[in-house]
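This report refers to the structure that appears directly beneath it.
The values are calculated or read from the model by the stated rules, or taken from the named source; none is laboratory data. Given the structure is predicted, the values throughout are model-derived calculations rather than measurements. Here the Cβ is made from the backbone with ideal geometry for all residues, glycine too, and neighbour counts use every protein chain on show.
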Amino acid sequence: MTSPRSAAEYLAEIQSELGTVPLLSEGHSCRRCLGPTHLGYRYCTSCHLVYGQAPDSLHGCCVPMTTALNPSPWYGRLWKYKRTTTADWVRLAALVSVYYRTHADRLAALLGGNPTGITIVPSKRGVTFEEQPLRRLLDRVASLRGSLEKLVEHTGMPVPRQKYLPEAFSVVGDVSGRRVLLLEDTWTTGPTSSRTSRL
């Protein structure tokens, strides 16, 4: 019987794919979401439009985890993770695990202390909190397992792409005085998490 593999070992397995990721200085990545953008542009179209409508206080609060060239193997994994087998989720969970462990101090500094609540941006397609692919994926991250709680829900209002619309989401949990870490799978483009700024 083999021993369980660590998150770092899983991450090493996909290192060759992560190696395709460009540096910000190369000019291929959006400086807000790290998604692909046209050469010479600082922001992707989605971030340019949505952040232009959002309050200034929101601009430094979204911290991207990874980026990917389009097309590339890594972009493909990120883009279709909701429709792929859960076997691929292990690699994504490994990325989240290593990132969260490595940058916990920086995230705490941004929040003003360690998070006292962790939640995800709710589905806009009627999927329950328990069944959301992102929540189920994050359950594979030991440092987050059991910490996720439903604090936000979609009101049912349509959310057009590239539109800042915080009224499409409502707070359903107690967030008063709490430091909430809001997670969203903007894996390949755009700032969906910025639309839930009512939190």
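Numerical summary
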read-out: Filter pass, E149 being among the acidic types (D, E), more than 19 Å from C61 (Cα to Cα) and loosely packed, with under 13 Cβ neighbours inside 10 Å; value: no
read-out: Pairs with Cβ under 7 Å, 6+ apart, first in the stretch 24-51 and more than 15 Å from Y75 (Cβ to Cβ) and at pLDDT 75 or above, second of a type outside the set (D, E) and outside any loop (DSSP other than H, G, I, E, B); value: R31/L24; R32/C47; R32/Y51; V50/S194; Y51/S194
read-out: Some residue of the stretch 116-127 being of a type in the set (G, A, S), touching a Leu at 6+ places or on another chain (Cβ under 9 Å) and at pLDDT 90 or above; value: yes
